[in-house]
Amino acid sequence: MNKIYSKYLENAVNALSELPGIGRKSALRIALHLLAQPLDKVGHFNESIMKMRSDLKECKRCFNLAEEQYCSLCLDQTRLKSTICVVEGIRDVMAIEETGQYNGQYHVLGGVISPIEGVGPERLHIDQLVQRIHSEGIKELIMAISPTIDGETTIYYISKKLEMTDIKLSQIARGVAFGGELQYTDEVTLGRSIIARIPYAINGDS
Amino acid sequence: MHLSELYLTNFKSHQSASFRFTPQINVIHGLNGTGKTNVLDAIYCLATAKSYFGVPDLKLITHGSNFYRIEGRLNRDSQEVRLVNKYERGKKKLVEKNGKAYDRLSDHIGTMPVVMITPDDLILVNGLSQDRRRFVDQALAQTDHTYLNHLVDYKRLLKQRNVVLKTSVNPDHMLLDSYDARMAPSALYITSKRKAFIDNFRPQLEVFYHWIAQVDEQIDVKYLPSLDGKDYIEASQESRKRDIFLKRTETGPHKDKIEFYLGPRAFRMFGSQGQKKNLVLAMKLAQHHVLSTQLHLPPLILLDDLFDRLDHQRVKRLIDLILKSNFGQILITDTRLSRIENILGSQPINAIELTKSKSNEEE
């Protein structure tokens, strides 16, 4: 790494290299790029980041990103009110929205249960989910949580909490990737796909 | 099945080394400190993605370097399979088969079955139950991927459950229930497979023990599962209070016991050094036999420091046994070639000499 002669530049490089995926070399490149830009452009850049940071908050209801008290998805009156899709994080909401296949409510847990990493159930938005189910008259819960060991435990824990309710619980299907080839699918996935097979629907979408 | 070529880069004492092996007997000889055992451990790593001696991946890298690479050519079912195990500091360990990396390391285990025999193995008799459980797990993992996956899941869940018990005075019972429910199917599978393994293993152990010891001592092995026929959830509920009090999980396959007996008495306590050496060797040969039968091909035998543990006569009997039956490929390390040559007589062997300088350069 070249020695940086300016304290200001050095500070900027240090700050940039704290970003995920950015090493010191990339940080220097970005810093020098910004230095070469007109002042108002950098000001605008700065402003948009500040605005995002100061004005975005958690939705009071589903913990998705929100500009106001509630997020745009919760405020959307055309969406189905009786179904909640439970996800780990905000990125999962984005991914599911991207598919255009879901038109209900969301609930962002903020992670999965993992005591090793200090994440017990009380650190996640599980109690809030249970409250919502009672107060909003929710009929179905779709668990869209990663099929990892900790993800599965989280699903089980939530289902245990809801044992006394008559809510319909489902989890997203897991199995062979669409367009994938069976011979290249790993054993565990293929094995579970066989066990959790679904009836064939002759008219396409199952 | 046999390993025909092996290339090591920055693996322990071998900065760059290559080896050619023949399908039968290979003897790696050289003075102490020339890296003979490291060659066998490299082969073990290639087969199981782990060091036999439990050395962490980082410590397998030659001092002063930042990666290791093990490449082997395996002839299996009359096809050549190219296997690579590589690890770079700070990255994920990769195992490749014919140039394609496995998504899960567990899918690879069993591609090149091995049985390793080292002087350290006395721990199987003298050590704790966990050492004997590992012996059984090593064998099962190579024949049954489902077993390995259950074992990995179970261990992860157990760790999580123990953290819950350790960190809260008044743990969330619903959370403990959740762990129990997830652990139950794995616990059941592990217990039933271990029982089946011991049942297959017991008669073979007896045969090999008598053959090596040449005396009619009555030996036995018992599997004492923690669950002992009970349902996991029930058993776990029963020990819940105790778990909370002791702050750890007291029930489940991680508490299984495997004990060896000499007549009615525990081998661990009453066996002599010589009897224990015989037992360990018989255990390994029985393991080899069980694996051969289940896989329909004989696993590679890696025999480390043969003469360190056995007297001349026992080595001779072992070699005779290997030559008579279809034991497959064998790699032996010893400090002196002549000892093995004497025993083998006119049998063809592939002798590979390691010297201090040679272990650091191309063969």
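May I ask for log10 I(q)/I(0) of region B:241-363 at q = 0.15, 0.16 Å⁻¹, from a Debye sum over the Cα atoms as equal point scatterers with solvent left out? Rounded to two decimals, the profile gives -0.90, -0.96. Among A:102, A:70, A:184, the largest mean-square fluctuation in a Gaussian network model of chain A (Cα springs under 10 Å) belongs to A:184.
Once Rg and the Kirkwood radius are both taken over the C-alpha atoms of the protein assembly as shown, their ratio Rg/Rh works out to 1.05. Among the GluC sites (Glu not before Pro) found in region A:125-156, not one is both in a DSSP coil and sparsely packed, with 13 or fewer other Cβ atoms within 10 Å of its Cβ. Given the C-alpha atoms of chain B, compute the convex hull and give its volume per residue in Å³. Enclosed volume per residue, from the Cα hull, is 149 Å³. Based on Cα contacts under 8 Å between residues 6+ apart, chain B shows a relative contact order of 27 percent.
The calculated pair-distance distribution of region A:1-112 uses every alpha carbon pair, bins of 5 angstrom beginning at 0, and gives 2, 10, 14, 16, 12, 10, 11, 11, 8, 4, 2, 1, 0 percent.
Which peptide among B:162-168, A:154-160 comes first, and what is the full order, when sorted by highest mean count of other Cβ atoms within 10 Å?
A:154-160, B:162-168
Computed from Cα atoms, the angle from the helix A:7-16 axis to the main principal axis of chain A rounds to 10 degrees. Once chain A is represented by equal point scatterers at the alpha-carbon sites, with solvent omitted, what log10 I(q)/I(0) does the Debye formula produce at q = 0.09, 0.19 Å⁻¹? Debye output, listed in q order: -0.55, -1.32. The angle separating the long axis of helix A:126-136 from the principal Cα axis of greatest extent in chain A is about 60 degrees. Between residue B:207 and residue A:26, the simple spin-label model (points 7 angstrom out along Cα→Cβ) gives 6.0 nm. Largest first, the three principal axis extents of the alpha carbons in region A:7-55 are 30, 24, 18 Å in whole numbers. Could you give the nm distance between label points at residue A:122 and residue A:190, where each point is 7 Å from its Cα heading toward the beta carbon? Distance between label points: 4.6 nm. Multiplying the residue separation of residue B:350 and residue B:270 by 0.36 nm and subtracting their alpha-carbon distance yields 24.8 nm. Report the residues of region B:307-342 in range of a label on residue B:20: point 7 Å along Cα→C-beta, backbone N strictly under 19 Å from it. Under cut-off, by backbone N: B:329-332. Under 12 Å from a label point set 7 Å out along the Cα-to-Cβ vector of residue A:172, the amide N atoms of region A:89-131 belong to A:89-102.
Helices assigned as whole DSSP H runs in chain B whose Cα atoms extend at least 15 Å along their own long axis and whose mean Kyte-Doolittle hydropathy is 0.5 or higher are found at B:36-48.
Sorted largest first, the spans of the alpha carbon positions of region B:120-295 along the three principal axes are 58, 35, 28 Å.
For the protein assembly as shown, the share of DSSP beta bridges that are antiparallel, to the nearest 5, is 60%. Only DSSP H runs of four or more residues enter the estimate; each adds -39500 (n - 2.57), and after division by the residues of chain A the mean residue ellipticity at 222 nm equals -12500 deg cm²/dmol.
Remark: mean inter-chain Cβ contacts per residue of A:113-122 equal 5, using a 10 Å Cβ-Cβ cutoff to other protein chain atoms. Packing, taken as the mean count of other beta carbons within 10 Å per residue, orders the peptides A:31-42, B:16-27 from highest to lowest as B:16-27, A:31-42. Between residue A:135 and residue B:155, the distance separating the two model label sites (each 7 Å from Cα on the Cα→Cβ line) works out to 4.5 nm. For the peptides B:340-346, B:245-251, residues were scored by their other Cβ atoms within 10 Å and the scores averaged per peptide; the highest-first order is B:245-251, B:340-346. If R0 equals 35 Å, the separation of the Cβ atoms of residue A:75 and residue A:45 corresponds to a calculated FRET efficiency of about 0.75.
Since every read-out is calculated from the coordinates, none of them should be taken as a lab result. Because the structure is a prediction, the values reported are computed rather than measured. Heads up, the Cβs are rebuilt from the backbone with ideal geometry, glycines too, and the neighbour counts pull from every protein chain shown.
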